[in-house]
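**Student:** Below is one structure. I have some questions about it.
The values are calculated or read from the model by the stated rules, or taken from the named source; none is laboratory data. The structure presented is a predicted model; accordingly, all values stated were derived computationally and were not measured. Here the Cβ is made from the backbone with ideal geometry for all residues, glycine too, and neighbour counts use every protein chain on show.
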Amino acid sequence: MNAPFSPSRRDILKGTSALVVAFSLAGSRLEAFAQNAPAAAAKPVTPDQVDTFLAIDEKGAVTVYAGKVDLGTGVRTAFAQMIADELDVPFEKVSVIEGDTALTPDQGPTYGSQSIQNGGVQIRQAAATAKAALLEEAAKRLNVAKEDLIVTNGAIGARSSNQTVTYGELIGGKQFMLKLDPAAPTKKAADYKLVGKPIPRLDVPGKITGAFTYMQDFRVPGMLHGRVVRPPALGAKLTNVDESSVKQIPGVKVVREGDFLAVVADNEWNAVRAARELKSSWSKSETLPDEKKLWEHVRNTKIVKDDVTSNIGDTKAAMAAEGRKLSATYDFAIHTHGSIGPSCAISEFKDGKLTCWSASQATHNLRKQLAKMFSMPLDDVRCIYIDGSGCYGRNGHEDAAADSALLAKITGKPVRVQWSRADEHGWDPKGPPTLIDLRANLDTAGQVTAWEADFFIPQGAAGMVELVAASLSNMPTDTALSPGGIVQDSAIGYKFPNIKTVCRRLETTPFRPSWIRTPGRMQNTFANECFLDEIAAALNVDPLELRIKYTDPADTRGLETLKRLEKLSKWERRPSPQKNVTGNVVKGRGVSYVKYELVRTYVGAVAEVEVDRTTGDIRVTKFYVVHDCGQIINPAGVEAQIEGNVIQTVSRTLKEEVTFDRSMITSLDWASYPILRFPEVPEIVIELIDQPAEKPWGAGEPTAAVVPSAISNAVFDATGARLRSVPFKRDKVKTALQSA
C-alpha cells in the first residue's frame, strides 16, 4: 500500500490549518495574547494553550489535536462529537490528529479508560475557551450584546438582526494565543445535539472495505525491511554468528550489536528468509521458575514493601472474635496481550533527527525512551501514531519501534520491522501472575464483621517498560518493573465494619511485566467478588441481595446499577448453588459488581453458563451488563467497548495462559495460546445508564473487571464447585467438580 501523506511540522506550519498567523484584533480579549507573538508563531503543544488542542481554518473547518489516540475504542469519533457540539459546527467539519509528538500535547498514555474522562474533557475545555473568545469578538464585530448572539453551524448571528460572521472570518488561519480557561462555561446537557448520539465511527468504513491503513500497512520511500533473530532463551548471550549462512540471499545485511542480532534486506521476504536461515550460537540460560511450581515461586518471592490499600476498623480483633471463619486463595495466570496484528514500526534517522512511526499507545513516552536509548536531545525525536491492529495495553509496539530505530541508526536508511507471531507471544511484556489470600469472619447474626486480603503482586506501577533492543545491545533503557496500576480494586467498596487489604509487593516477577487490559482491577475484582459469593453461600443468602445489603445507602448510583441488573437479567433471588440439578450439562447464573477503582464507572454483570460435568467444558451462553459511566458521548461506542470487554475477557478467563520451560516461553502460537472463537461468543445484553449532567467516565476497561468472577460464580451456581484459578481449563474444572 502507498503511504498516506505524513506532513512534517514545517509543512503543517507553512500551509495547513495549524494557524501560523497571530490573531491581532485590536481591543479584543485575544489581543493580550497576540500582541507579543511573532507573525509566524509555531504551533504550541503545551497543555495550557488553546492552540495546542484545536485550530480553525478560513473555511471554518476544525482540527483537533489529541495526545490520546484511538486504539480501536472509537475515541477519535467521540472527540469529534464533543468538539463539534461545544463549538456548534457540523460534525463533518471536524478532523482529529492524534499522537504526533510534534503536533499534539502530552496528555499521558492512552490507558486506564481515561481518554474521554481526561483527554476529551481537556479538549472540550479548550473549545469552550475558544468559543467564549469568538463570541466576544463577534459581539464587537456586529456591534451587539454578547447575550444576543447564537451560533449555528460555525456562524455567529445576532437574534436582533440578520448580521452574521463565521468562525472562519473571525480566526481562520490564525492562532488564538489564548490560555486555556478551566472556568470557561461548557454547554449544558440539555443543549447537546451530538453528544449522547450513536454517531457512526469514522474509521469503520475504511476497515470494512480494506482502505484503512494500519501500521502494518504503512510504508515510507526507500525503506529496508528488518527482522530480529531472537535468543533461544531469556538471558542467553550471543557467542557466534555465521554470516556466510545467508550469503545466498540477495541484498541481506547482518547486524550485530552486543546480543542484538538482526538482518535487513530490501524486500520483506528476503528478510524473513535470512532471519530463519542465519546460523548463530548462544549460551545456555535457565532463569525461569518451574511452571508447575509457579504459585510456590510467587509466594516465596521476596516482599520489598506492603501497600495498605484500605484499613477500616480493627480486623485483627474482629477476626479473633467469635464467628465463622472463611478463607480462600485465588490465582490468576500470566497473560500475553495476544494482539491479532503482531507489532510493527518504521524508523528513520535524517539530518541527525529520528522519526518513528508506531502504534504505541504512548508516543510521548516512546519519544522519551528513544531519546534516552540513543542519548539524543528530546527535541530531535518525533514519534507519530499510526493505528495498529490490536493493543490492549503496552504490548510489543514500543519494542518493535526500538528494533527499527536501532537498525535505522546502523544502516542509515529507514527500516521497517514487522514482528512475527512467535515474536509477539514470546517477547511482548506480560501481565504478571497474581496470587490472593482472603479471610472473613461471620458472626452468629449472619453479619460480615471482618474482611482481610493479601495480594501478592510485583512492585512498580505504570511507567516506562524496558526496551528489548536496548537491553540486548547494552544501550540505555528503563529497568524498573512497570506492571501497571495493579493495586487498584484491591480495596473493596462494601460497607463492612472492619476491612484491611494489603498488596504485598514482590521484588521480581518471572517475565518483563507491563499493563494488560484492566491491569490488577480484573485480577483483584475476580478474587473479591468470588469471595463475596463464598460468603453469600456460607450465609445461605442470595448473592445479589448480599451486594445490595452491603452497598452504602448513600451510593445511589451503585444501588441503581444493581437494581437495574436484577431487572434486566430477570434475576431470581435465592441462595446459590442450585439444588437437585441433574444431567451431564448443567446451567447456572453468577453475579458480579464493581465501582471501578472505587471512584468511577459502575458495572454490574450476570453471566449464564453451561458446564459439561463429564468433559469439564464451560460455555458462557449469555452475559448481561448494566453500565454507568456518567455522561455518555457515543452510546454505540460504549456498547462496542462493553462487548469487546466481555468477549476478550471470556477468552482470558476460559482459555488464555502463558506456558514456559526453564528457558523460554513455549506458548508461541494460537495453538499453544488459544483464544475465543466466533462460535463461542456469548449473547451480550447491555443496559446503559446515561448521566448527561455528570462527568464522563471511561468505558474501555471496567466491564472486563467483572467477567471472571461472574463466570466463576455461575459455575458454582450450576455445580457447587468453586473455581479459584484462572483460566478455567478442563482439568481444573474436573478437579473442582470432584471436590465439590
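**Student:** Specify which of the listed residues (Val611, Val581) is in contact (Cβ under 8 Å) with a residue 40 or more places away in the chain and surrounded by 23 or more Cβ atoms within 10 Å (Cβ to Cβ).
**Tutor:** None of the others qualify; the one that does is Val611.
Okay, residues lined up against (1) of a type outside the set (Asp, Glu); (2) touching an Asp or Glu at 6+ places or on another chain (Cβ under 8 Å); (3) assigned by TED's automatic domain parsing to the domain that holds Thr659:
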residue	(1), (2), (3)
Leu354	yes, yes, no
Ala401	yes, no, no
Ala405	yes, no, no
Ser420	yes, no, no
Thr449	yes, yes, yes
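**Student:** Now for a different question. With the condition kept exactly as written, say whether any residue in the range 278-293 is surrounded by 13 or more Cβ atoms within 10 Å (Cβ to Cβ) and closer than 19 Å to Pro342 by Cα.
**Tutor:** no
**Student:** Only one of (1) part of a loop (DSSP other than H, G, I, E, B); (2) among the polar types (S, T, N, Q); (3) surrounded by fewer than 19 Cβ atoms within 10 Å (Cβ to Cβ) is not met by Ser339, so which one is it?
**Tutor:** So the condition that Ser339 fails would be (3).
**Student:** Checking the conditions here, which among Gln648, Gln641 is farther than 30 Å from Arg230 by Cα, under 21 Å from the mean Cα position of the chain (by Cα) and not charged (D, E, K, R)?
**Tutor:** After applying the criteria, what remains is Gln641.
**Student:** Could you list, in sequence order, all residues of the range 570-620 that are within 23 Å of Ala538 (Cβ to Cβ), among the hydroxyl-bearing types (Ser, Thr, Tyr) and not in a strand (DSSP E or B)?
**Tutor:** Selection gives Ser576 alone.
**Student:** Can you give me the number of residues within the range 588-625 that are over 15 Å from Ser712 (Cβ atoms) and either basic (Lys, Arg) or at pLDDT below 95 (or both)?
**Tutor:** Adding up the residues that qualify gives 4.
**Student:** Does the range 425-446 contain at least one residue that is at negative phi, of a type in the set (Val, Ile, Thr) and in contact with a Leu (Cβ under 8 Å, 6 or more places away or on another chain)?
**Tutor:** no
For (1) assigned by TED's automatic domain parsing to the domain that holds Gly74; (2) out of contact with any Cys (no Cβ under 7 Å at 6 or more places or on another chain); (3) more than 21 Å from Gly396 (Cα to Cα), each residue gets a yes or a no:
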residue: Pro200; (1), (2), (3): yes, yes, yes
residue: Val204; (1), (2), (3): yes, yes, yes
residue: Leu261; (1), (2), (3): no, yes, no
residue: Asn267; (1), (2), (3): no, yes, yes
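**Student:** Here is a follow-up. Can you say whether Ala405 is small (Gly, Ala, Ser), surrounded by 24 or more Cβ atoms within 10 Å (Cβ to Cβ), under 24 Å from Thr666 (Cα atoms) and touching a strand residue (DSSP E or B) at 6+ places or on another chain (Cβ under 9 Å), as far as the supplied structure shows?
**Tutor:** Criteria not met by Ala405.
**Student:** Please name all residue pairs, on different chains or six or more residues apart, with Cβ atoms under 8 Å, provided the first residue is in the range 628-651 and is in a helix (DSSP H, G or I) and the second residue is at pLDDT 95 or above and of a type in the set (Asp, Glu).
**Tutor:** Close Cβ pairs satisfying both conditions: Pro635/Asp690; Asn645/Glu701; Val650/Glu680.
Here is a yes/no grid of residues against (1) modelled with pLDDT of 95 or more; (2) crowded, with 21+ Cβ neighbours inside 10 Å; (3) farther than 25 Å from Val586 by Cα:
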position	(1), (2), (3)
Ile686	yes, no, no
Pro692	yes, no, yes
Pro702	yes, yes, yes
Val706	yes, yes, no
Ser709	yes, yes, no
Ser712	yes, yes, no
Phe716	yes, yes, no
Gly720	yes, no, no
Lys729	yes, no, no
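**Student:** Still on this structure, please answer the following. Do we have Glu243 as out of contact with any Leu (no Cβ under 6 Å at 6 or more places or on another chain) and surrounded by 16 or more Cβ atoms within 10 Å (Cβ to Cβ) here?
**Tutor:** On the way: out of contact with any Leu (no Cβ under 6 Å at 6 or more places or on another chain): yes; surrounded by 16 or more Cβ atoms within 10 Å (Cβ to Cβ): no.
So Glu243 fails the test.
**Student:** Report yes if some residue within the range 555-573 is within 20 Å of Val650 (Cβ to Cβ), touching a His at 6+ places or on another chain (Cβ under 7 Å) and surrounded by 16 or more Cβ atoms within 10 Å (Cβ to Cβ); otherwise report no.
**Tutor:** no
**Student:** Pick from the range 23-74 the residues that are at pLDDT 95 or above, of a type in the set (A, V, I, L, M) and not in a loop (DSSP other than H, G, I, E, B): which of them is nearest to Ala132 (Cα to Cα)?
**Tutor:** Result: Val50.
**Student:** Given the condition more than 16 Å from Ala469 (Cβ to Cβ), part of a helix (DSSP H, G or I) and touching a Lys or Arg at 6+ places or on another chain (Cβ under 9 Å), answer yes or no: does some residue in the range 219-241 qualify?
**Tutor:** No: the range 219-241 contains no residue that is more than 16 Å from Ala469 (Cβ to Cβ), part of a helix (DSSP H, G or I) and touching a Lys or Arg at 6+ places or on another chain (Cβ under 9 Å).
**Student:** While we're on this one: May I ask you to list the residues in the range 551-577 that are under 23 Å from Ile535 (Cβ atoms) and either outside the structural domain of Gly604 (by TED's automatic domain parsing) or without any contact (Cβ under 8 Å) to a residue 40 or more places away in the chain (or both)?
**Tutor:** Residues satisfying the conditions are Pro553, Ala554, Leu559, Lys563, Glu566, Trp571, Glu572, Arg573, Arg574, Pro575.
**Student:** Ok, one more. I'd like the residue in the range 731-740 that is of a type in the set (A, V, I, L, M) and at pLDDT 95 or above and, out of all such residues, is nearest to Val620 (Cα to Cα).
**Tutor:** Here the answer is Val733.
**Student:** Does Thr315 qualify as being in contact with a helix residue (DSSP H, G or I) (Cβ under 6 Å, 6 or more places away or on another chain) and surrounded by 13 or more Cβ atoms within 10 Å (Cβ to Cβ)?
**Tutor:** Judged against the criteria, Thr315 is not a match.
**Student:** Answer yes or no as to whether Tyr214 is touching a helix residue (DSSP H, G or I) at 6+ places or on another chain (Cβ under 6 Å) and either among the basic types (Lys, Arg) or surrounded by fewer than 18 Cβ atoms within 10 Å (Cβ to Cβ) (or both).
**Tutor:** Against the criterion (touching a helix residue (DSSP H, G or I) at 6+ places or on another chain (Cβ under 6 Å) and either among the basic types (Lys, Arg) or surrounded by fewer than 18 Cβ atoms within 10 Å (Cβ to Cβ) (or both)), Tyr214 does not qualify.
**Student:** Same structure again: Which of the residues spanning the range 536-569 are in contact with a Phe, Trp or Tyr (Cβ under 9 Å, 6 or more places away or on another chain), among the basic types (Lys, Arg) and either under 21 Å from Glu608 (Cα atoms) or not in a helix (DSSP H, G or I) (or both)?
**Tutor:** Within the range 536-569, just Arg547 meets the criteria.
**Student:** Related question: Please find, within the range 109-138, the residue that is nearest to the chain's Cα centre (by Cα) out of those that are more than 26 Å from Gln641 (Cβ to Cβ) and surrounded by fewer than 19 Cβ atoms within 10 Å (Cβ to Cβ).
**Tutor:** Ala132
**Student:** May I ask you to list the residues in the range 294-311 that are of a type in the set (A, V, I, L, M, F, W, C) and surrounded by 18 or more Cβ atoms within 10 Å (Cβ to Cβ)?
**Tutor:** Answer for the range 294-311, where residues must be of a type in the set (A, V, I, L, M, F, W, C) and surrounded by 18 or more Cβ atoms within 10 Å (Cβ to Cβ): Leu294, Val298.
**Student:** If you go through the range 508-528 one residue at a time, do you hit one that is touching a residue at least 40 places away in the same chain (Cβ under 8 Å), out of contact with any Leu (no Cβ under 6 Å at 6 or more places or on another chain) and more than 28 Å from Val304 (Cβ to Cβ)?
**Tutor:** no
**Student:** When you scan the range 666-680, do you find a residue that is crowded, with 23+ Cβ neighbours inside 10 Å and over 19 Å from the mean Cα position of the chain (by Cα), even just one?
**Tutor:** For the range 666-680, residues crowded, with 23+ Cβ neighbours inside 10 Å and over 19 Å from the mean Cα position of the chain (by Cα): absent.
**Student:** Also, quick follow-up: I'd like the full set of residues that are of a type outside the set (Val, Ile, Thr), within 25 Å of Thr46 (Cβ to Cβ) and out of contact with any helix residue (DSSP H, G or I) (no Cβ under 7 Å at 6 or more places or on another chain), limited to the range 56-83.
**Tutor:** Leu71, Arg76, listed by residue number.
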